[in-house]
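A quick write-up on the structure given underneath.
The values are calculated or read from the model by the stated rules, or taken from the named source; none is laboratory data. These numbers come from a predicted model, not from an experiment. Glycine also receives a Cβ, built like all others from the backbone with ideal geometry; neighbour counts cover every protein chain displayed. Areas reflect the complete protein model, heavy atoms only, side chains present, ligands, DNA and RNA absent. Shrake-Rupley method; radii C 1.70, N 1.55, O 1.52, S 1.80 Å.
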Amino acid sequence: MASLYFKVNADWEKVVKLREEIDKLETKLKTFGKSMPEHEIKVTESQLGSARQEFTRLTTEAAKAGAEMENGFKKKIFDA
């Protein structure tokens, strides 16, 4: 059976994992109390920022690929 595979599909799994990691880190930050060392809070915030940045990058790439498929790929098919 023939199928089309795009790199977006492979990155989608990363997006899902990053979304789960972001949720977990946000929950972890909410559970920190006043007795939590400031260093631990900053490390968790840093991890959360990195995860959000990577999530944004991957979703932007997916959106660009979707737009290319919508516009460029269809145009090439119609031109052919």
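Show the residue pairs meeting these rules: Cβ distance below 8 Å; 6+ apart or different chains; first residue within the range 58-75 and within 20 Å of Glu13 (Cα to Cα); second residue surrounded by 12 or more Cβ atoms within 10 Å (Cβ to Cβ) and at pLDDT 80 or above. These pairs meet every condition: Leu58/Lys14; Leu58/Val15; Leu58/Leu18; Thr59/Val15; Ala62/Val15. Screening the candidates Thr60, Thr27, Thr44 for the property of being surrounded by fewer than 12 Cβ atoms within 10 Å (Cβ to Cβ), modelled with pLDDT of 90 or more and under 20 Å from the mean Cα position of the chain (by Cα) yields one hit, Thr27.
Being modelled with pLDDT of 85 or more, out of contact with any helix residue (DSSP H, G or I) (no Cβ under 7 Å at 6 or more places or on another chain) and open to solvent by less than 50 Å² (accessible area, probe 1.4 Å) holds for only one residue in Gly33, Gly49, and it is Gly49.
Yes or no: Glu54 open to solvent by 100 Å² or more (accessible area, probe 1.4 Å), assigned to a helix (DSSP H, G or I) and acidic (Asp, Glu)?
Numbers: open to solvent by 100 Å² or more (accessible area, probe 1.4 Å): no; assigned to a helix (DSSP H, G or I): yes; acidic (Asp, Glu): yes.
Criteria not met by Glu54.
Here Asn71 passes the criteria (1) surrounded by 11 or more Cβ atoms within 10 Å (Cβ to Cβ); (2) in a helix (DSSP H, G or I); (3) not acidic (Asp, Glu) except the one numbered (1).
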